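Worksheet: the structure to be examined is printed underneath.
Nothing in this text is a laboratory measurement; each read-out follows from the coordinates by a stated rule. Quick caveat: nothing in here was measured; it's all calculated off a predicted structure. Methodologically, a virtual Cβ is constructed for each residue, glycine included, from the backbone with ideal geometry; neighbour enumeration extends over all protein chains shown.
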Amino acid sequence: MTKINLTLADKNYDVLVGKGLLAEAGALIRAIWQPRKVLILSDSNVAPLYLATVQEQLVASGFQVVTSIVPAGEASKSLSNTANLYQLMLDEAFSRTDGVVALGGGVVGDLAGFVASTFMRGIGFIQIPTSLLAQVDSSVGGKTAVDFGTGKNIVGTFYQPDLVIADPNTLTTLTPRYVAEGYAEVVKMAATSDDPEFWPLIEKIQTPADILTHATALIMSSVSFKAQIVIADEKESGQRRFLNFGHTLGHAIELLAHGDLAHGEAVSIGTVQICKVFEAKGLTAPGISAQIERQLKAVGLPTTSELLFTPKFYEQLLLDKKNHGDHLNFVYISKLGEPKIYPVKKAELKAFLTTN
C-alpha cells in the first residue's frame, strides 16, 4: 500500500493505493472514523461485484450500514436522485455525526460527495473508487456535483473526502472500453505534468492490457500530480484550471452524444482537438497533437467526432460553467509539461476554433 497525503487549509486526508485494499476497507475506515451510521452508495454495475464485501467489512468493524443503488450512468447525477438520498437518510435517522461512502466510478463519487456535502450542512465522506477514471482523477480533490438541465456538473460543491481507498484489482472487472476511458484522463495529466517520468510511462502503453499491467504506477503518478495541483489551488482560482485540459470541448460533445460517448472518450476527443487548434495557431509546438493522438488511439480511444464544430456544439460551449463574463478560458499546452490558459471572447469563439 502506498499513501499520498493532501494537506489543505481546512482538511488533511490520505489517498491509499494498493492491490487488495478493498478487502481491508473496514479496518482502513475504522482507523479514521469512530463507528457510526454509514450510507454506502453504489450503482447497478458495481454493487453486484463489491457491495457485499464492503458492507461486511464495515459491519465487522462496528458500523451500522444502509445501502442505496442507483442506475449506472451519467443520468443518475440528478437533483431527483439527490432528493431521494436525502429522504432515505432522514428515514434512517442519519445525523451530522454519520457518513457516506461512495463505492463506484465518477458518477457515484460525484453524487455521493454532493449529498454528503449538503446533508445537514456536511457529514463525513469517503471515496472507494472502482473505475480507473475515478481512481486517477474524480475521487481526489473534492469536486462534487450533479447535472442540471443540459449542463454537466452545474450544481456542486468543493468538499474534500476523509479518505480515498483505490484498489487497482477492481479494474480487472472493467471492459477494455472503460479501462481506456479512464486512461484518457491519465494522458491529459501526463501531458500537463512537469514530472519527467510521467510521459515516458505513457509511452509504454500500447494496448488496454498494458494499462492494467501498469495500473498502480499510472494511478500513483496521476494522484501525485493532482494532489500537488489541489494543494496549491484547492478552489480552482489558478493552476487547478490546468486540469480542464481537453474538458471544455469534451464536455460539450459528451452532452450532445446523449450517453453514446463515455466521459473519458469525450475528453480524449477534446484533448486532441484543442491541441490541433492551438498547434495550427503556432501556440503549441509542432507534432504535439500527433504525439498525444497516437497514444490515445493505441488503446482504442476516439480522437474526433461529427458533433464537433456544429451549431449545437457552439451553443453548448456557451453554457460551459468555466465561462467568465464575455470570454471562455481554454487550457492548452505549449509543449509537454507546459500548460497555459488562453481567454477567447464568446463573440470570436467560432472563428478561433476554425483551423482551416
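Along the axis of the charge dipole computed for the chain (Cβ charges of +1 for Lys and Arg, -1 for Asp and Glu, origin at the Cα centre), the listed residues V331, L261, I4 are led at the positive end by V331. Placing unit charges on the Cβ atoms only, positive for Lys and Arg and negative for Asp and Glu, gives region 230-356 a dipole magnitude near 300 debye about its Cα centre. For region 219-235 and region 53-78, what is the centre-to-centre distance using only Cα atoms, to the nearest Å? A separation of 27 Å, based on Cα centres. Relative to one another, the C-alpha centroids of region 1-23 and region 258-290 are positioned 31 Å apart.
When the chain is described by a simple charge dipole with +1 on each Lys and Arg Cβ and -1 on each Asp and Glu Cβ, the residue from T248, T118, I341 located farthest towards its positive end is I341. Helices in the chain, meaning DSSP H runs of at least 4 residues, each add -39500 (n - 2.57). Divided by all residues, the mean residue ellipticity at 222 nm is -11500 deg cm²/dmol. Relative to the longest principal axis of the C-alpha atoms of the chain, give the angle of the C-alpha long axis of helix 106-118, reported between 0 and 90° and rounded to the nearest 10°. Helix 106-118 sits roughly 60 degrees off the main axis of the chain.
Dipole magnitude for the chain: computed about the Cα centre from +1 point charges on Lys and Arg Cβ and -1 point charges on Asp and Glu Cβ, it is near 520 debye. Computed from Cα atoms, the angle from the helix 79-91 axis to the main principal axis of the chain rounds to 10 degrees. Leaving out same-chain residues fewer than 8 places away, which aspartates and glutamates sit with a Cα under 13 Å from that of K37? The reachable aspartates and glutamates, counting only those whose Cα sits under 13 Å from K37, are D91, E92, D98.
Separation of region 157-217 from region 305-356 is 26 Å, based on Cα centroids.
In units of the compact-protein estimate 2.2 N^0.38 Å, region 176-353 shows a Cα radius of gyration of 0.98. Hey, with R₀ at 25 Å, roughly what FRET efficiency would H324 and T354 work out to, going by the Cβ-Cβ distance, to 0.05? Calculated transfer efficiency: 0.70. Sparsely packed loop sites in region 179-229 (the trypsin sites (Lys or Arg not before Pro) outside DSSP H, G, I, E and B with at most 16 other Cβ atoms within 10 Å) comprise K204. Comparing A166, V155, L132 along the charge dipole axis of region 118-196, the residue lying farthest to the positive side is V155, per the Cβ-charge model. Here Rg and Dmax of the Cα atoms in Å was calculated from the structure, and among [x] 22.3, 72; [y] 28.9, 99; [z] 19.7, 63 it sits at label [z].
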